[in-house]
1. Give the percent of DSSP beta bridges with both residues in the chain that are antiparallel, rounded to the nearest 5.
2. Provide the gained length on full extension for the span residue 22 to residue 109, in nm with one decimal, where the gain is 0.36 nm per separating residue minus the Cα-Cα distance.
3. How high is the relative contact order of the chain, in percent, with contacts defined as C-alpha pairs under 8 Å that are six or more residues apart?
4. By how many nm would the segment from residue 119 to residue 65 grow when fully extended, if each residue of separation counts as 0.36 nm and the alpha-carbon distance is taken off?
5. Can you give me the distance in nm between label points at residue 29 and residue 49, each placed 7 Å from the Cα along the Cα-to-Cβ direction?
6. Quick one: order 88, 82, 121 by neighbouring beta-carbon count within 10 Å, fewest to most.
């Protein structure tokens, strides 16, 4: 699967610019790398799970405050996953809650304009001599 992220109006890119603990960032990078080498059938249920909001899924990343980014699985071949919303979870409370989620609106906007998303690449190692 190819991971994408939406570009947020004033907060930059959803995953790439998300402030998180070093350990969480390492876990996220590992999961993104795993997503790139498996197909949709392997990803759903193991790396991303149904969120209970229509066609929205989420990924689990533990830490002092757990991260639960919400995402959708791509159209057509379904070999893409696009992260739609930042979510934190502490003391069993998700912020934003499912009721207050912007993910369904962002999914609708994404279906109208795929230019709202970009590939997630911050988890790739820079090649020696490659431009920064």
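Values in this text are rule-based calculations from the coordinates and carry no lab data. Since we're looking at a predicted model, the values are computed, not measured. Cβ atoms come from the backbone with ideal geometry, glycine included; neighbour counts cover every protein chain shown.
1. Values: 22 of 27 bridges.
Here the antiparallel bridges make up roughly 80 percent for the chain.
2. Details: separation 87, 0.36 × 87 = 31.32 nm, distance 3.15 nm.
Gain on extension, residue 22 to residue 109, equals 28.2 nm.
3. Values: 198 pairs, mean separation 37.5, N = 132.
Relative contact order for the chain comes out at 28 percent.
4. Details: separation 54, 0.36 × 54 = 19.44 nm, distance 2.55 nm.
Between residue 119 and residue 65, full extension yields 16.9 nm more.
5. With each label placed 7 Å out from Cα toward Cβ, I get 2.6 nm.
6. Details: 88 16, 82 25, 121 11.
Ranked by crowding around the Cβ, least crowded first: 121, 88, 82.
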